[in-house]
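J.: One structure coming up, written as structure tokens, with questions to follow.
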Amino acid sequence: MESSTIAAIATPPGDGGVAIIRISGPKALRIADSIFSRSLENQKSHTASYGKIISLKGETLDEVLLLPMRAPRSFTGEDVVEIHCHGGRLITQRVLTRVIEAGAEPAKPGEFSLRSYLNGKMDLAQAEAIQELICAKNELALSSAQEQLEGALSKKIRDFQKEIADVTAIIEAWVDYPEEGLEFASEEEILAQLRSVQKKIILLRDSFRDGKILREGVRLCLLGAPNVGKSSLMNALLSNDRAIVTEIAGTTRDLIEETLRIGDLHVHLTDTAGIRENAERIEEEGIRRSKKAAERADIILFVLDATRETTDSEKELLQSLPKKHTIILSNKVDIAKKPTEHLSVSAKTEEGLKELKELLHDRVWKNGKPGKEQIAITKERHHFALDQSVQLLHSVCDGLNEGTSPEFLVSDLRRALKELGTIIGIDVTEEILGSIFSKFCVGK
Ligand SMILES: Nc1nc2c(ncn2[C@@H]2O[C@H](COP(=O)(O)OP(=O)(O)OP(=O)(O)O)[C@@H](O)[C@H]2O)c(=O)[nH]1
Ligand SMILES: [Mg+2]
């Protein structure tokens with residue numbers, strides 16, 4: 001069955017100098033040729049040709065550059081033509097409409113990447129990396145996506161598979177040749193090998209958290225009693241008078257959310273209503289939201305007032321917060337009389353903010369910032385598959401210790417191999433493929 005020819009705008013919507021419309025499929029060249037003022041027949045692949053897109057009535061729609069890329073040397077592995085037309089929503093849409101008039105079908109989200117994968121241009125992890133690459137919000141996210149695109153993750157998975165397959169082969173030999181099988185390797189050797197690969201898979205699995213932070217950023221929440229200077233700290237961190245600050249306790253009523261960069265961290269910062277007893281109705285609702293925001297946060301910045309003693313209700317509130325995810329700040333050190341036992345800051349003079357930023361950075365990258373060589377996985381799907389294979393290896397190790405019959409061990413090992421395979425796209429069902437690629441935008 002000949003596949004269809006698809007088309008979509010590949011550049012983001014909005015006004016720009018140039019926009020690109022991508023056509024892919026067996027009829028790509030014929031379609032482009034039929035709407036272009038010049039013949040593409042003798043044009044060399046991967047060279048641009050200047051001309052006009054002509055409407056059905058013979059009018060000029062736009063002046064464009066046409067770039068044909070003949071199969072298989074293209075992104076999708078099919079014949080591809082890119083039309084570089086003028087940017088701007090209307091003109092771009094018109095050219096696309098003309099392309100569809102001439103016989104192309106509108107591409108579904110992610111369809112170009114799906115074809116690239118189906119035509120063996122890249123494996124599944126690489127196709128997913130494209131999405132990551134485009135959405136990357138910071139240098140780290142970008143470099144991790146680039147690594148994945150270049151196939152570093154896929155290579156790691158294949159290395160794991162190879163190690164497990166080696167062990168599987170040996171255990172299969174035990175099944176087939178119960179007499180001599182043990183000569184290939186002892187149980188201890190097998191166990192050691194399995195533990196070693198399992199350890200490596202666990203490391204990769206646990207990089208998911210880092211990956212999530214790379215991709216989505218970290219959620220910080222300012223929490224504390226009224227008037228301690230939460231909103232002032234938000235403003236100081238943003239270098240912007242975003243939140244209203246007054247000397248009246250209970251100024252902030254609603255959540256205020258902003259994003260900022262701290263070093264190479266993408267941070268979502270939330271300022272909240274000060275928490276106290278006996279608040280009136282609006283404030284009461286604000287406080288409820290403060291607590292919700294604290295639950296969602298990756299890190300809570302609990303703010304105290306350095307000019308006064310910590311109250312019982314502050315202590316109580318602090319008790320209820322997850323210690324591991326809380327940083328205590330003593331604000332207003334510029335006017336404090338006594339030294340504090342916590343990180344001292346001043347929203348007013350910005351004293352201590354540099355230290356706070358450093359501390360945040362250290363907290364987030366507890367085990368060191370993921371380096372180039374440590375590939376962080378960023379997909380729930382990858383995390384799940386790695387976790388499954390870890391569990392299966394675990395049960396194989398237990399089985400070996402307990403003398404489980406080798407047939408069962410082999411079956412678990414094969415399942416572990418299969419789970420790993422789903423990451424690079426071996427043994428993935430149509431349904432999974434559909435859900436992966438549908439998350440892409442049209443034009444990718
Ligand atoms: N001297 C000094 N004053 C500060 C500092 N931070 C805040 N203030 C003052 O403390 C008062 C309260 O500050 P806000 O930022 O509104 O406090 P808040 O914690 O947001 O208060 P609520 O919104 O009511 O919960 C204001 O008068 C600020 O000017 C600081 O570092 N030094
Ligand atoms: Mg406030």
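Values in this text are rule-based calculations from the coordinates and carry no lab data. This is a predicted model, so every value here is computed, not measured. Note: ideal-geometry Cβ built from the backbone for every residue, glycine included; neighbour counts use all protein chains shown.
J.: Suppose each label sits 7 Å from its Cα in the direction of the beta carbon; what would the LYS324-ILE54 distance come out to in nanometres?
T.: It is 6.9 nm.
J.: Return the subset of LYS155/LYS199; LYS230/LYS292; LYS323/LYS354; LYS52/LYS137; LYS199/LYS292 for which the Cα-Cα distance in this structure is over 25 Å, preserving the input order.
T.: Details: LYS155/LYS199 17 Å; LYS230/LYS292 17 Å; LYS323/LYS354 22 Å; LYS52/LYS137 37 Å; LYS199/LYS292 36 Å.
Table pairs above 25 Å Cα-Cα are LYS52/LYS137; LYS199/LYS292.
J.: For a quick check: sort PHE112, PHE440 by the number of other beta carbons within 10 angstrom, fewest at the front.
T.: Going from least to most buried by this count: PHE440, PHE112.
J.: Follow-up question, since we're still on this one. Starting from the Cα-Cα distance between ASP334 and ALA169, subtract it from 0.36 nm times their residue separation and give me the gain in nm to one decimal. Intermediate results must be reported in sequence, preceding the final value.
T.: Details: separation 165, 0.36 × 165 = 59.40 nm, distance 6.91 nm.
That pair, ASP334 and ALA169, stretches by 52.5 nm at full extension.
J.: Right, here's the next one. Could you tell me the calculated FRET efficiency between GLU257 and LYS357, based on Cβ-Cβ distance and R0 = 25 angstrom, to the nearest 0.05? Don't skip to the answer; put the middle values down first.
T.: Working: r = 19 Å, r/R0 = 0.76.
After rounding, the FRET efficiency stands at 0.85.
J.: From Cα pairs below 8 angstrom and at least 6 apart in sequence, can you work out the relative contact order of the chain, rounded to a whole percent?
T.: On the way: 769 pairs, mean separation 74.5, N = 444.
Value for the chain: 17 percent.
J.: Also, I was wondering about something else. Relative contact order for the stretch 175-311: what percent, with Cα pairs under 8 Å and sequence separation of 6 or more? Don't jump to the answer; show the numbers that get you there.
T.: Values: 182 pairs, mean separation 37.9, N = 137.
In percent, rounded to a whole number, it is 28.
J.: List every DSSP H helix in the chain whose Cα atoms extend 15 Å or more along the helix's own long axis and whose mean Kyte-Doolittle hydropathy is at least -0.5.
T.: Values: long enough: 89-101 (18 Å, 0.24); 124-135 (17 Å, 0.88); 139-150 (16 Å, -0.34); 152-176 (36 Å, 0.02); 187-216 (44 Å, -0.46); 281-296 (23 Å, -1.78); 353-364 (16 Å, -0.55); 380-402 (33 Å, -0.43); 406-424 (28 Å, 0.32).
Counting only whole DSSP H runs, the qualifying helices are 89-101, 124-135, 139-150, 152-176, 187-216, 380-402, 406-424.
J.: Put +1 on the Cβ of every Lys and Arg and -1 on every Asp and Glu Cβ in the chain; which of ILE9, LEU90, GLY286 then has its Cα farthest towards the positive end of the dipole?
T.: Checking the options against the dipole of the chain, the answer is LEU90.
J.: Go ahead and run the numbers for FRET between LYS44 and GLU285, Cβ-Cβ distance against an R0 of 56 Å, rounding to 0.05. Before the final figure, lay out each step's value.
T.: Working: r = 67 Å, r/R0 = 1.20.
Here the calculated transfer efficiency is 0.25.
J.: For GLU277, GLU309, what ranking results if the residue with the fewest other Cβ atoms within 10 Å of its Cβ goes first?
T.: Values: GLU277 6, GLU309 9.
Ranking GLU277, GLU309 by Cβ neighbours within 10 Å, fewest first, gives GLU277, GLU309.
J.: Under a straight-distance cross-link criterion of Cα-Cα below 13 Å, which aspartates and glutamates are reachable from LYS337, leaving out those fewer than 8 residues away in the same chain?
T.: ASP305, GLU309
J.: Identify, among LEU67, ILE100, ASN42, the residue whose Cα sits farthest towards the positive end of the charge dipole of the stretch 6-107, taking +1 on the Cβ of Lys and Arg and -1 on the Cβ of Asp and Glu, with the dipole about the Cα centre.
T.: Projecting each Cα onto the dipole axis, the largest value belongs to ASN42.
J.: Moving on to the next point. Going through the cross-link list LYS108/LYS212; LYS57/LYS108; LYS324/LYS357; LYS418/LYS444, which pairs have a Cα-Cα distance over 20 Å in this structure? The partial results should precede the final answer.
T.: Working: LYS108/LYS212 27 Å; LYS57/LYS108 29 Å; LYS324/LYS357 17 Å; LYS418/LYS444 28 Å.
Those over the limit are LYS108/LYS212; LYS57/LYS108; LYS418/LYS444.
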